[in-house]
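Only the coordinates and a few stated rules stand behind these numbers; no lab work does. On a predicted model such as this, the values are computed, not experimentally measured, just so you know. As a convention, Cβ positions derive from the backbone with ideal geometry for all residues, glycine included, and neighbour counts pool all protein chains shown.
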Amino acid sequence: MSMTSPPGWYPDPGIPALERWWDGAAWSEHTRPAGAPPRRRGRPALPVAVAGVVLVAAVAVAATFLRPGDDGAGGGTGSPPAPSASASGPVSAPASPPASAPASAPPSDGPADGPAAVADQLNGITLPVLDGWREPEYGTDGAPTVATVADAPCPSATGRRCARGTVSSRTAPASDTTSPQALAEQDIERAAEWAYGEDRLGNRPHGGIRSHRLLAARPAVVAGRTGYLVRWRVVTGAGPGGYVQSLAFPSPAGSEAPVVVRFALDATQDAPPLTTMDEITKGIRPIGGPTGGGVGSTIAP
């Protein structure tokens with residue numbers, strides 16, 4: 001009699017430093033660092049009554065999947081697939097739930113299952129979650145982030161996958177200037193390195209940056225504030241390269257430190273179009289405040 005491992009996070013057979021989500025029938029594309037706790041960022045807590053309903057529903061769903069003798073969706077025994085070689089990653093099923101694998105929910109696959117916006121509480125803004133985008137389980141550097149649901153193998157990193165598009169916000173680093181134009185011009189090189197250069201582990205998933213070309217440098221209105229953007233086309237050592245943008249503007253929260261939002265889109269046909277950068281810029285909103293008006297609100301982004 002075969003046994004089906006319940007949905008959960010399990011050690012990735014191909015990458016020991018990661019855990020991969022097992023949905024009860026097959027491996028998903030979602031991964032996270034091994035032993036990491038579930039992230040909770042930018043989402044308000046559920047009211048007690050709603051949380052109770054969600055808990056009851058979760059118990060009912062778990063009971064449905066764990067009924068003895070219940071067959072899988074394909075009409076078979078419900079057993080995990082046998083190991084096989086695949087370019088998309090490991091597919092061998094976990095034998096049993098390890099003690100280190102918490103029974104947490106898998107990451108959301110899109111706006112329908114998650115928030116319509118990701119909140120950056122520190123800087124007083126929200127980033128819109130467009131169709132085909134989501135809030136990833138883990139950002140690249142802990143900053144509030146949205147990324148495309150679709151990904152692909154990284155051009156120069158075996159066993160790793162790279163999102164087709166990523167946007168994240170952060171407080172501008174300490175500087176002698178608070179001018180949005182100067183900040184965007186200073187940050188664009190860091191944004192390019194953040195997206196297509198060396199990662200925190202010293203790896204170069206895209207083969208490093210070979211060259212860049214300026215595409216745009218202009219004022220932009222963000223959350224009712226006048227800001228400035230700089231956009232580059234980046235050529236990488238491996239893969240298609242892409243587009244990066246630094247967008248700097250005063251914080252709607254009234255803090256002295258400005259905000260910088262970094263954008264990255266791959267230069268491939270299946271990546272979001274370049275106009276997505278403008279769409280996301282227009283969708284950035286102040287937390288709990290009006291979306292229009294303010295200094296420079298008549299300037300087109």
* Asked: Each label point is 7 Å from the Cα along the Cα-to-Cβ direction; what then is the distance between the points at Glu185 and Ile287, in nm?
  -> 3.2
* Structure fact -> Residue separation between Arg161 and Leu201 times 0.36 nm, minus their alpha-carbon distance, gives in nm 12.9 nm
* **Euclidean distance between Cα centres, segment 220-294 to segment 185-207, Å** => 17
* Asked: Using the C-alpha gyration tensor of segment 132-260, what are the square roots of 5 times its eigenvalues, in whole angstrom, with the largest one first?
  -> 26, 17, 13
* Structure fact -> Counting only DSSP loop positions in segment 159-203, the trypsin sites (Lys or Arg not before Pro) whose Cβ has at most 14 other Cβ atoms within 10 Å are Arg200
